[in-house]
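A.B. asks: Handing you this structure, nothing more for now.
The values are calculated or read from the model by the stated rules, or taken from the named source; none is laboratory data. Please read all numbers here as calculations on a predicted model, not as lab measurements. Cβ placement follows ideal geometry from the backbone for every residue including glycine, while neighbour counts extend to all protein chains displayed. Each accessible area value is taken on the protein alone, full model and side chains, heavy atoms only, with ligands, DNA and RNA left out. Shrake-Rupley method; radii C 1.70, N 1.55, O 1.52, S 1.80 Å.
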Amino acid sequence: MRGRTGPPDVFGERTHLVARWTLLVAAGLVYGYWAASIRRYGGPITGWNVLFGFLSALGFVVLYAVVRSVGRRLPREGHAVLWGALAGSALGFLYAQSGVAMFTCVLVSLLVGAGVAGAMFYHYYTHEDARGLRVT
């Protein structure tokens, strides 16, 4: 612990792992509920609507977990583009459920994806040393 500059870690590794997966599943459930509520257009909740929500949540959780595991092995450019692609496609999928034109969905998805990729690139660029190793 000699080179550590941040605050002390009061929780163990297991607690961080549980918290990481709990937040991931909670975010997936919120995403699934959001997708299902958009798709039903204010109508009654049906079994197919609930199934659609859970499948959307499962897809989001799996893609998020893949991005987190694969992104660590990529250089900062690829890592940033991967996060941008996830954000753009996740928003585009939700936006497409509202019934708008597909061109609008694609345009908004590309703009959001480019914005997130740019922000993540800036974050990774400013949090790495000269050799490309993560500082924080």
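A.B. asks: Amide H to amide H under 5 Å from R40: which residues, 5+ apart in sequence or cross-chain, H placed 1.01 Å off N in plane?
C.D. replies: Answer set, sorted by chain and number: none.
A.B. asks: If you don't mind, there's one more thing I want to ask. What does the accessible area of F54 come to, in Å² to the nearest 10, when a probe of 1.4 Å is used?
C.D. replies: So the heavy atoms of F54 present about 130 Å² to solvent.
A.B. asks: Next question, about the same structure. Quick check for me: using +1 on Lys/Arg Cβ and -1 on Asp/Glu Cβ, what's the dipole size of the chain about its Cα centre, in debye to the nearest 20?
C.D. replies: Dipole of the chain, to the nearest 20 debye: 260 debye.
A.B. asks: Within a Cβ distance under 14 Å of A85, other residues only, what is the Lys/Arg minus Asp/Glu net charge? Write out the running numbers ahead of the final one.
C.D. replies: On the way: positive: R68; negative: E77.
The answer is 0.
A.B. asks: Using a Gaussian network model on the chain with a 10 Å cutoff between Cα atoms, which of H16, H79, H123 fluctuates the most?
C.D. replies: Greatest mean-square fluctuation among the candidates belongs to H16.
A.B. asks: Run the numbers for T104 and L24: contour at 0.36 nm per residue of separation, minus the present Cα-Cα distance, in nm. It would help to have the intermediate numbers written out before the result.
C.D. replies: Values: separation 80, 0.36 × 80 = 28.80 nm, distance 2.86 nm.
Extra length available between T104 and L24 comes to 25.9 nm.
A.B. asks: Restricting the calculation to Cα positions, tell me the Rg (one decimal) and the Dmax (whole number) of the chain in Å.
C.D. replies: 18.2, 60
A.B. asks: Here is a further query. What residues qualify as long-range amide H neighbours of E128, i.e. H under 5 Å apart, gap of 5 or more or another chain, H built at 1.01 Å from N?
C.D. replies: So E128 has HN proximity to V135.
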